[in-house]
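Here, each number is a calculation from the coordinates, and none is a lab measurement. Because the structure is predicted, anything quoted here is derived from the model rather than measured. For neighbour counting, all protein chains shown are included, and Cβ atoms are generated from backbone atoms with ideal geometry for every residue, glycine included.
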Amino acid sequence: MSEIPEEAQAAALRAVVEAATARDEAQDVVAERVADLQQVCVAAAATGASRTRIRTLAGVSSKTFYEWLNAAGLDVRPQQSRR
């Protein structure tokens, strides 16, 4: 007995849905971890810890790190233009 094309297509589409659902769940977990990281980075900066050290340990870009600080209301120097 052979499988009809529609059955194969349905199985393939179910696999796509399962993979997409797993991806969505993983992205939700990552978003939560990033929010946690943001919170502790801002808290560390508020204590006066070295911002370079915080950013390096967190493994985030300068742009992201300073956006977090700015959003939290901490003083951030204006970005200097590079020539």
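Tell me the label-point distance for the pair Ala12, Thr52, using the 7 Å Cα-to-Cβ offset, in nm and rounded to one decimal.
Distance between the two pseudo-spin positions: 5.4 nm.
For the chain, just the Cα atoms, rotate onto the principal axes and tell me the three extents in Å, largest first.
Principal axes ranked by extent give 71, 33, 20 Å for the Cα atoms.
Please report, in debye to the nearest 20, how large the charge dipole of segment 5-71 is about its Cα centre when each Lys and Arg carries +1 at its beta carbon and each Asp and Glu carries -1 there.
Here the size comes out at about 700 debye.
For the chain, take the longest principal axis of its alpha carbons; what is the angle in degrees between that and the long axis of helix 62-71, to the nearest 10 within 0 to 90?
80
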